[in-house]
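Notes follow once the structure below has been shown.
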Amino acid sequence: MAKVKACIFDLDGVIVDTAKYHYLAWRRLAHELGFEFTEKDNEQLKGVSRMRSLEILLSVGNIKIDDEKKKEELAEKKNNWYVEYISKMTEEEILPGVREFLNLLKDNGIKIAIGSASKNTLTILERIGLKDFFDVVIDGTKISKAKPDPEVFLKAAQELNIPPEECCVFEDAIAGIEAAKRAGMKVIGVGDPNILKEADKVIQTFEGQNLELIDF
Ligand code: B16
Ligand code: MG
């Protein structure tokens, strides 16, 4: 088995918990459209692209919109609220143990990258003080195919100049785990093992983790 030489991190749900801000903004849009959007409904949006998220939200509200321009407007409205929320983020919001684990990887010569669907990745990294911390950042502005397509992770591996089989992905979403598998990478789920069944390993937190975690 090839040794892991690079780790690629999903952003939302792995490095920070921005899912709560996505939820607040989508719920606000649902209220404006006249229906309720629960936290349980929101689970379906994790790791999914912005426009696909809107489609799911509209189906929850039983609303059918065919006008593409109208849909773009709604997605933009949601994004403006979301940006308002994330622009107040601080480094306190980096999830427990993440910074320590990233430093451990760096100190041991393992490359680190971000592989996120979010077009707001750079704003978030700037807010939490990690903008220049990663060797490579591939985000929603650099890809054309959303997870579970492997594009985001394959691009990260390519820019890192590390073969996919020597990369390990950290993901909180089912779609992201499938994307990593399709890229031919190892994948560690962050969250509930009953949901992230397809991952090679699952952790609940980065707290107390060491290099054994990426020893396959
Ligand atoms: P934006 P990740 C994903 O980020 C989120 O999990 C998902 O909920 C969101 O819809 C998607 O980014 C697009 O985000 O609207 O900011 O471009 O988990 O891939 O880091
Ligand atoms: Mg995620």
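The values are calculated or read from the model by the stated rules, or taken from the named source; none is laboratory data. Keep in mind the model is a prediction, meaning the values are calculated, not measured. For neighbour counting, all protein chains shown are included, and Cβ atoms are generated from backbone atoms with ideal geometry for every residue, glycine included. Each accessible area value is taken on the protein alone, full model and side chains, heavy atoms only, with ligands, DNA and RNA left out. Shrake-Rupley method; radii C 1.70, N 1.55, O 1.52, S 1.80 Å.
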Q.
Suppose we filter Glu171, Glu151, Glu100 for residues that are surrounded by fewer than 16 Cβ atoms within 10 Å (Cβ to Cβ) and either at positive phi or of a type in the set (D, E, K, R) (or both); which single one remains?
A. Glu100
Q) Which condition number does Asp215 fail, the rest of (1) under 16 Å from Lys3 (Cβ atoms); (2) open to solvent by less than 10 Å² (accessible area, probe 1.4 Å) being met? A) (2)
Q) In the stretch 1-75, which helices (runs of 4 or more DSSP H) lie fully inside it and hold 3 or more residues that are open to solvent by less than 30 Å² (accessible area, probe 1.4 Å) and modelled with pLDDT of 95 or more? A) 19-33, 50-60
Q. If Val137 passes every condition in (1) within 24 Å of Glu91 (Cα to Cα); (2) within 16 Å of ligand 2 (Cβ to nearest atom); (3) open to solvent by less than 20 Å² (accessible area, probe 1.4 Å) but one, which one does it miss?
A. (3)
